[in-house]
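Encoded as structure tokens, the structure appears first; notes follow it.
The values are calculated or read from the model by the stated rules, or taken from the named source; none is laboratory data. Keep in mind it's a predicted model, so treat the numbers as computed, not measured. Quick reminder, even Gly has a Cβ in these numbers, built from the backbone with ideal geometry, and neighbours come from all protein chains shown. Note: accessible area is taken over every heavy atom of the protein model, side chains too, but ligands, DNA and RNA are not part of it. Shrake-Rupley method; radii C 1.70, N 1.55, O 1.52, S 1.80 Å.
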Amino acid sequence: MSNTTGAASQVPAGALSVLLVDDHPLVIEGLKALLNDAPDIRVVATAGGGADALLRLQENPAIRVAIVDLNMPGMTGVELMRAIRTAHPAVCTMALSVFHDHSSVTDVLEAGGSGYVLKNTTKPELTDAIRQVASGRTYFSAEVGAALLQNLHRNGANHHDAREDKPVELTAREMEILQLIAREYPNALIAEKLFISERTVETHRKNILTKTNSKSVVGLIQYALKYKLINNS
């Protein structure tokens, strides 16, 4: 199943154009119904799989947010999110799934996903998530955030470092860079946005990872979520 809804030409100025990707037509229709009355959000295209989704993005360059089912035949949702990040870096991706295990959540983060909501989401949560992600922030359903934190607590159970009680102190510049890292900005784009050199960005990135004792971007985002250093709601 794949189609452009025909609403693209009727999208009000300033409205967020959204692509829905799911291999179940009933899920697509349910999501469209949830979003139908949102004045600032328009579903302009739908797709039943990864290849179709990439075509829809080529046809609709105004799409801001792609909501992607993780469990699809052929190209998985995570693989599609990676492909979107490469081919359409301006498009924000958000996972939609019935699962919220730690492995699935970290896969989405590593693929460049900006959000993760469950299929039992409500209309207020879904519309808020789209707005948050489109504005460059991250959004995770409460259950998803809890799964990340639970894994953090489990991994840290044998560590009694005093730093676990409160977040490390980051400079104002490091906080700026942390927000952009959470939005999957590459070093070059961070440098351009903040008017500093890529080498300076890389130095800050290494310092942030060292200060937070994070081994990767996924670990850093988990740390930032734990201490509410980035917006996840």
*State the number of residues belonging to the range 173-195 that are without any contact (Cβ under 8 Å) to a residue 24 or more places away in the chain, out of contact with any helix residue (DSSP H, G or I) (no Cβ under 8 Å at 6 or more places or on another chain) and either of a type in the set (Ser, Thr, Tyr) or not in a helix (DSSP H, G or I) (or both).*
2
*asked:* What pairs come out if I take residues in the range 209-233 that are small (Gly, Ala, Ser) and pair them with residues that are open to solvent by less than 20 Å² (accessible area, probe 1.4 Å) and modelled with pLDDT under 85 whose C-beta lies under 6 Å away, six or more apart or interchain?
replied: ALA224/ILE230
*Only residues in the range 126-153 that are farther than 16 Å from TYR227 by Cα count as the first member; pair them with residues that are part of a helix (DSSP H, G or I) and modelled with pLDDT of 85 or more, Cβ under 6 angstrom, at least 6 apart or cross-chain, and list the lot.*
LEU126/LEU34
_Need the failing condition index for ALA53 against (1) in contact with a Cys (Cβ under 7 Å, 6 or more places away or on another chain); (2) without any contact (Cβ under 8 Å) to a residue 60 or more places away in the chain, just the number._
(1)
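Are any residues in the range 196-220 in a helix (DSSP H, G or I), over 18 Å from the mean Cα position of the chain (by Cα) and more than 19 Å from PRO89 (Cβ to Cβ), and if so, which ones?
At the first step, the residues of the range 196-220 found to be in a helix (DSSP H, G or I) are 198-211, 217-220.
Filter again for over 18 Å from the mean Cα position of the chain (by Cα), leaving 198-211.
Within the range 196-220, ARG199, THR200, GLU202, THR203, HIS204, LYS206, ASN207, ILE208, LEU209, THR210, LYS211 qualify.
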*Return the total of residues in the range 67-104 being in contact with a helix residue (DSSP H, G or I) (Cβ under 6 Å, 6 or more places away or on another chain), among the hydrophobic types (A, V, I, L, M, F, W, C) and open to solvent by less than 10 Å² (accessible area, probe 1.4 Å).*
4
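Residue-wise test of (1) assigned to a loop (DSSP other than H, G, I, E, B); (2) in contact with a Leu (Cβ under 6 Å, 6 or more places away or on another chain); (3) at pLDDT below 95; (4) not β-branched (Val, Ile, Thr).
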residue: LEU19; (1), (2), (3), (4): no, no, no, yes
residue: ASP37; (1), (2), (3), (4): yes, no, yes, yes
residue: ALA45; (1), (2), (3), (4): no, yes, no, yes
residue: ARG56; (1), (2), (3), (4): no, yes, no, yes
residue: ILE67; (1), (2), (3), (4): no, yes, no, no
residue: ASN71; (1), (2), (3), (4): yes, no, yes, yes
*Select from the range 116-130 the residues that are surrounded by fewer than 16 Cβ atoms within 10 Å (Cβ to Cβ) and hydroxyl-bearing (Ser, Thr, Tyr) and list them in ascending order.*
THR122
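Of all residues being assigned to a helix (DSSP H, G or I) and out of contact with any strand residue (DSSP E or B) (no Cβ under 6 Å at 6 or more places or on another chain) in the range 131-142, which is surrounded by the fewest Cβ atoms within 10 Å (Cβ to Cβ)? Just the residue, please. Break it down into steps so the answer makes sense when it comes.
Initial filter on the range 131-142 (assigned to a helix (DSSP H, G or I)): 131-134, 142.
If we keep only those that are out of contact with any strand residue (DSSP E or B) (no Cβ under 6 Å at 6 or more places or on another chain) as well, we get 131, 142.
Details: ARG131: 16, ALA142: 12.
Taking the candidates together, the pick is ALA142.
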*Please work out which residue is most open to solvent (accessible area, probe 1.4 Å), limiting yourself to the range 170-218 and to residues that are of a type in the set (Asp, Glu) and at pLDDT 90 or above.*
GLU192
*Only one of these conditions is not met by LYS228: (1) of a type outside the set (Phe, Trp, Tyr); (2) in a helix (DSSP H, G or I); (3) open to solvent by 40 Å² or more (accessible area, probe 1.4 Å). Which number is it?*
(2)
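Would it be correct to say that GLY113 is surrounded by fewer than 24 Cβ atoms within 10 Å (Cβ to Cβ) and among the small types (Gly, Ala, Ser)? If you could, list the steps in order and put the result at the bottom.
Values: surrounded by fewer than 24 Cβ atoms within 10 Å (Cβ to Cβ): no; among the small types (Gly, Ala, Ser): yes.
For GLY113, the condition - surrounded by fewer than 24 Cβ atoms within 10 Å (Cβ to Cβ) and among the small types (Gly, Ala, Ser) - is not met.
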